[in-house]
Structures are given as C-alpha cells and as structure tokens.
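Structure first, commentary second.
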Amino acid sequence: MRVPSLARKAVLLVVCVASSAHATEPYPTLVDRWKRGDTTVVSSLLEYRRQAPDGRRWEVAFMLASSLCRAGRNSLGEPLFRAMLRDYETALRQAGVTELVRSAADACGHNGAAGVALSGGVSPTAVITTSVGVTTSSKLYYWMCDKQVRTGASVVMTPLTDSEISRRLYALGDTTRAIASLRRRFAGVVSPSTFASSHFVIASASGHGVPQLGDIASTLERAVVALHDEYGLPVPDTLISVYLVPDAAALRKLAATLHHVTADPGAIGYSVPNDQSIVAVIPGAEIGTLLHELTHLLVKRDFADAPPWLDEGFAALHEVSHWEGNHLVGDPNWRGDLLRELGYPNRSYSLAALLTMHGDDFNAYQSGDFERAPVNHALARYFVLQLQQTGRLASVYRTLRKQDVLSDAIMRADTTVLGDARRRANIEQALGASFADITASFAAWLPTALPKTSNPRSCRER
C-alpha cells in the first residue's frame, strides 16, 4: 500500500530522536508496523539494527530501505537497497529474494512505494553456510591426504515456513521437547543417542555414547563462553540443535529431509541460523567442523553483514585449534597445504582484493575458476590467523562490527558513506594500517606460517 510521503525534515527528526535508554521493540512488532505502512517505524528499526543481537539481519535493512521509500525519501532508500544487494549478496541469493530486492530498489528509484511484502518468498528462510568438505570423488582441487577437496555449496530447495522455523526454536531449558523433536526429525535413524546441555541439544547417528556427547557439549559450551568473552559474540538465547552423522552420504540424506537442502557431495557440515541448527559429519571425537559452524551461527546473529573474509576466516580459524587457558587459538592447518600446492603467493590472487570482495565473488559463485574459492577461503583463514597471532583479531572484529555504513547513511542522510572509498577506509581504520602495509605485512608473514611439506595431521579437524 502506498502511504503519504513525509517531509524530509520530519523523517530526519524521527530518526534522530530514537532513544537508546529503553529496550528495543520486539521484532514481530516491527514487522507488523512495517506491514501496516507505518513510516515512523524507521526510528524503531534503526534502533533495533543498532542494539538488538540480531539487528544486522537483512530483513531489518529491507524494512528500513522500503520505509524510507514509502516516506518519499527515495534518494536515500534506493541506495540502501543497492547497498543491501552488495552487503547481503550471498544471503539474499540463498534465501531466493535477490530479484525481489532488486525490484524494490528499481521501484523506489522510479518513485514507487517499494512495498514488497515481508512474507512468502521474502520471509526468513534457511540461509545456509557450508564448511569445506573432504571427498574421494571430487576432481576440483588438490589434496594432500590421499583425497581431494572441494568447497561445499548447498542449495535451498524449498524454504522453511515461518511456522516450521518457530517450532524448531526451543527455549533454554526446554530440553525434553527438543530431544524428542530431534529424534523424530533424524531421517532413517530409529534411535539416535542424545544429550542436552545449557545451550545445546545433540542427536547422533554416529554411534556416540552419552559420555562422548557430554564431552562434545562441554567443548561447545566452553567455546560459547570464550567467543563471548573475547569477541563479544552473543550467548545463544535458544537451544542450538546439533545433528551428528557418520559420513557425507548420511549428511546429504538428512539435509534433504530436515532442511530441504541439496548438499554438495563434498560438504561435511552446514549451519542454519533461522532454526539455530548444525548438521555435521562427526564419526568420532574430532569436532573441528562443529566449532567452525558454531562460529558461523554466532557471527550470523551478531554481525550478519560481516565481510565474507571475516565471516569465513573466523569460522575456519577454529576448525583446527587448541585451548590456551580460556582462549580458543587457531593452528596452521590443511588450508596452508592447499595454498602451498596451488602456488600462492606467486599467483594473481590479492589480499587487498579479498578484503573488499562481495559474498558471491568471495565464494566464486558461478565462476569458471575452480581454484578461486578454496584459495579465497584459505587466504581468509590465514589472514585471520595472522591477526590472532599478532593480538589484533578481537579489536579488529569489534571495530568492524561497530562500523555500520547503512545506519550511518540514514542518520546522516548521506549515501556517500555507502561507497567503496568509505568501506576501504573503514577496513584500514579497523586494521590500523593502509592497504599497502596490510598486504606487505601479510606477504612477509605468510611464508613463515605455511607448511614446508605436506602435513597429514593438518587435515584433522580437532
């Protein structure tokens, strides 16, 4: 529904008087106000984006941009839509709403109301992040452990409905219902072993006993505390459902029934933020894939528009790691072997380019260069490892999280902050160095971190 345009000054006033002294409005209330065409919701949405644990989700940005367009602020709303297409590129594609967002941007640019309903195809759906998988059948990338490796790329077949997502979210402490639900949803497994802790409910078809599941849960709980204390990642406010399977074939079977997902043959784990779940190939005690996917879940909730190098590099950091006191510390791993075998740094790949890549470019979506994605992921992992080893990772994460060009554009009514120059400046601010110095430092450090020869132990994800 087209709503009357508001004067520019009135909209700015509404935005600027938003108070941070009280709790944000609940998300469903904001969606209801948006659906009713209430353009004064801009200030509440902006407050939610800046304060709520999941405020950086793309749906909030969509409602902000479309509300500004409805209010006659097309010159601000349209650039916000265009920025969304960049900052949430992969998430929008995986949710199947890229064209809807692009159409809304076009409508706003042509003085339309940009009133695409936040329901049906635009509602929250299963946005999948997959970890790199190991398989003997892939022919895409070299591997040192008598196998070959590829980057898993899952596809959402049919989005989960909002009601189904709601049924899969369990309050902390509601472990009896959660365990019963996980058992029912485990495809083809009569009686999976189960375990529940403060923030996790785990079901395993991999033959784990209760003591083993208890150890796994204990490590995951420890990781939640460590990531919260060091990086400010949110402690889960609902139970995280964890499904363990013995092999990639079992993962593909479960993914198809559980999340309507066609999993890549090489995927060994994936996570779904909307129903707070992890599915992973865990045949024994090595749980690096779980730590990888747990990091994705926590980052997606805290910083949904994190640059892809940070999102993936940070998650990959923990797939092979160890504990130093209460800190989870990354170790050199098989991604270094991959970089060495593929000839980095004597190739055209650039760390400077990596730091400004969009999501689909980072993942080489529809690219004919089959070595590009694994190199991007490996570079991101090793750059994050360098940041951690030099004591800068926590401050860089927090600084990048605090930067929010979409909110800045609204507060200042200035869309120039959405441009590439500002984004590069923000990265340099967070890293405390120019791009030239950042790349020179990494180039000098990387040879010291890469393995000189193949290290079979590095393929173990502890």
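A few remarks follow.
- Annotation: peptides 421-427, 47-53, 374-380, ranked by per-residue average of other Cβ atoms within 10 Å with the highest first, follow the order 374-380, 47-53, 421-427.
- The simple Förster model, with R0 at 45 Å and r as the Cβ-Cβ distance, assigns TRP445 and SER218 a FRET efficiency of 0.85.
- Each Lys and Arg contributes +1 and each Asp and Glu -1, all at the Cβ; summed about the Cα centre of the stretch 203-266, the dipole is approximately 300 debye.
- Residues whose amide H comes within less than 5 Å of that of SER321, counting only those at least five positions distant or on another chain, are ASP331, ARG462 (H built at 1.01 Å from N in the peptide plane).
- Relative contact order of the stretch 151-269, pairs being alpha-carbon contacts under 8 Å that are 6 or more residues apart, as %: 37 percent
- Ratio Rg/Rh, restricted to the stretch 303-462 and using Cα atoms, in which Rh is the Kirkwood radius: 0.98
- For the stretch 248-373, with +1 on Lys and Arg beta carbons and -1 on Asp and Glu, the positive-most of ILE268, LEU297, ALA353 along the dipole: ILE268
- Residue exposure proxy: LEU160, LEU45, ordered by other Cβ atoms within 10 angstrom of their Cβ from fewest to most, comes out as LEU160, LEU45.
- Beta-bridge orientation, the stretch 223-325: approximately 45 percent antiparallel, per DSSP, counting only bridges with both partners inside.
Every number here is computed from the coordinates shown, using simple stated rules; none is lab data. Just so it is clear, the structure is predicted and the values come from calculations on it, not from any experiment. Glycine gets a Cβ as well: all are built from the backbone with ideal geometry, and neighbour counts include every protein chain shown.
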